[in-house]
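Below: the structure, in structure tokens.
The values are calculated or read from the model by the stated rules, or taken from the named source; none is laboratory data. Everything numeric here is computed off the predicted structure, so don't read it as measured data. Backbone-built Cβ (ideal geometry, glycine too); neighbour counts: all protein chains shown. Areas reflect the complete protein model, heavy atoms only, side chains present, ligands, DNA and RNA absent. Shrake-Rupley method; radii C 1.70, N 1.55, O 1.52, S 1.80 Å.
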Amino acid sequence: MLEDKFGRRFHYLRLSITDVCNFSCTYCLPDGYQCNSDRNFLSLDEISVVINAFAQLGTSKIRITGGEPSLRKDLPEIIKLCADTPGIEHVAITTNGYKLPDHLPSWIAAGIDSINVSIDSLDPRMFASITGHDKLKTIINGIDMALDAGIKVKVNAVLMRQFNQSELGNFKDWIKRTPVTLRLIELMETGDNLKFFERNHVSGLPIKQQLIDEGWGQIVRGKSAGPAQEFRHPEYLGQIGLIMPYGKDFCSSCNRLRITAKGKIHLCLFAEHGIDLRSYMTEQDVDGLKQQLSSLLSDKEATHWLQDGYTGATKHLAMLGG
């Protein structure tokens with residue numbers, strides 16, 4: 001089992017397969033994706049080494065991220081690699097849902113268990129303003145398809161004062177009749193968004209108190225769960241999760257590591273730099289990668305220091321898929 005010096009165990013791998021994204025979200029890539037390096041992303045064979053090494057070290061959940069992972073034509077093969085690996089119990093994907101109805105059947109056939117879709121507004125005009133694309137109806141249709149197929153769905157919404165702070169009521173009306181988990185995510189400062197962050201950061205703590213006052217009960221986190229504090233209410237089909245990285249003890253429950261699309265490990269989303277492990281992947285050296293992963297965890301720090309304005313090497317969230 002992968003374990004650090006603070007006793008945290010890592011059951012969860014976030015595997016980026018591309019840093020390319022076709023959306024231009026205001027909080028991440030407001031000017032769109034800028035291709036300033038080669039796109040020599042991990043091959044299927046290299047990804048197989050990563051998956052097997054982590055699985056043999058006790059990882060049970062893999063989330064495939066980007067950029068936008070559906071821009072890779074071999075995404076179904078990657079999903080199947082994960083799903084067919086002994087020890088991997090849950091395969092998830094985070095997507096902008098750009099062509100979700102078209103892509104979903106192949107993902108399901110490959111073995112996907114759950115999907116996270118980004119929807120920062122339920123107002124089509126605001127959604128288009130935030131993302132640069134008028135795709136809300138398409139994405140909602142894809143979510144309905146996934147639910148009909150028995151796929152678990154979470155919807156990610158980044159809280160932004162000037163854009164969607166007033167939409168909580170609309171989201172709650174939607175999940176009252178729709179069995180998805182709405183995850184409200186505090187806007188995080190990155191290397192490229194300081195002014196935007198200062199204008200738009202909203203704390204999730206008042207929302208948490210509001211939920212408690214309205215009778216929402218907190219759900220106990222599983223060993224491979226993400227960082228959200230999740231709540232349910234008997235009158236709602238859906239649930240609400242709050243991701244509050246600026247909150248007290250946020251990092252104490254950390255259970256996830258990140259591999260970039262070019263084979264670097266980031267011990268934290270806001271680490272100073274990634275550590276290149278690609279040689280092990282290229283050489284198909286599963287055992288060597290396992291040894292290196294175990295060794296590197298001694299360097300993982302107790303916190304991300306984000307509360308002190310430290311953003312490390314993360315210029316924007318598309319670099320690592322969040």
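Any residue at all in segment 116-124 that's in a helix (DSSP H, G or I) and surrounded by fewer than 23 Cβ atoms within 10 Å (Cβ to Cβ)? Show your work before the answer.
Residues of segment 116-124 in a helix (DSSP H, G or I): 124.
Filter once more, so that each one left must be surrounded by fewer than 23 Cβ atoms within 10 Å (Cβ to Cβ): 124.
Checked segment 116-124: at least one residue is in a helix (DSSP H, G or I) and surrounded by fewer than 23 Cβ atoms within 10 Å (Cβ to Cβ).
Restricted to segment 274-302, and to residues that are out of contact with any strand residue (DSSP E or B) (no Cβ under 8 Å at 6 or more places or on another chain) and not in a helix (DSSP H, G or I), which residue is surrounded by the most Cβ atoms within 10 Å (Cβ to Cβ)?
Residues of segment 274-302 out of contact with any strand residue (DSSP E or B) (no Cβ under 8 Å at 6 or more places or on another chain): 279-292, 294-295, 298-302.
Of the ones still in play, those that are also not in a helix (DSSP H, G or I) are 283-285, 300-302.
Working: 283: 12, 284: 13, 285: 16, 300: 19, 301: 15, 302: 12.
If we take residues in segment 274-302 being out of contact with any strand residue (DSSP E or B) (no Cβ under 8 Å at 6 or more places or on another chain) and not in a helix (DSSP H, G or I), then 300 is surrounded by the most Cβ atoms within 10 Å (Cβ to Cβ).
Every residue in segment 195-211 that is more than 17 Å from residue 243 (Cβ to Cβ) and open to solvent by 80 Å² or more (accessible area, probe 1.4 Å), please.
Here is the first cut: in segment 195-211, the residues more than 17 Å from residue 243 (Cβ to Cβ) are 195-196, 198-199.
Those that are more than 17 Å from residue 243 (Cβ to Cβ) and open to solvent by 80 Å² or more (accessible area, probe 1.4 Å): 195, 198, 199.
Residues that are among the hydroxyl-bearing types (Ser, Thr, Tyr): find the strands (runs of 3 or more DSSP E) completely inside segment 142-247 holding 2 or more of those. Can you show your working first?
Working: elements: 152-159, 181-186, 229-232, 239-243.
Answer list for segment 142-247: none.
Of everything in segment 248-278, what is within 30 Å of residue 207 (Cα to Cα) and in contact with a Lys or Arg (Cβ under 9 Å, 6 or more places away or on another chain)? Give them in sequence order. Please lay out each step first, then the result.
Narrowing segment 248-278 to residues within 30 Å of residue 207 (Cα to Cα): 248-258, 267-271.
Once the filter is applied, which keeps residues that are within 30 Å of residue 207 (Cα to Cα) and in contact with a Lys or Arg (Cβ under 9 Å, 6 or more places away or on another chain), segment 248-278 yields 251, 252, 253, 254, 255, 256, 257, 258, 267, 268, 269, 271.
How many residues, within segment 248-273, are in a loop (DSSP other than H, G, I, E, B), open to solvent by less than 30 Å² (accessible area, probe 1.4 Å), over 30 Å from residue 219 (Cα atoms) and not small (Gly, Ala, Ser)?
Looking only at that region, the number is 1.
Would you mind telling me which numbered condition in (1) farther than 27 Å from residue 188 by Cα; (2) touching a residue at least 40 places away in the same chain (Cβ under 8 Å); (3) loosely packed, with under 15 Cβ neighbours inside 10 Å residue 46 fails?
Residue 46 satisfies every listed condition except (3).
Is at least one residue of segment 71-92 under 27 Å from residue 204 (Cβ atoms), open to solvent by less than 20 Å² (accessible area, probe 1.4 Å) and either of a type in the set (A, V, I, L, M) or in contact (Cβ under 8 Å) with a residue 12 or more places away in the chain (or both)?
Step one: list which residues in segment 71-92 are under 27 Å from residue 204 (Cβ atoms), which gives 90, 92.
This time we only want the ones that are open to solvent by less than 20 Å² (accessible area, probe 1.4 Å), so: 92.
Filter once more, keeping what is either of a type in the set (A, V, I, L, M) or in contact (Cβ under 8 Å) with a residue 12 or more places away in the chain (or both): 92.
Looking through segment 71-92, at least one residue is under 27 Å from residue 204 (Cβ atoms), open to solvent by less than 20 Å² (accessible area, probe 1.4 Å) and either of a type in the set (A, V, I, L, M) or in contact (Cβ under 8 Å) with a residue 12 or more places away in the chain (or both).
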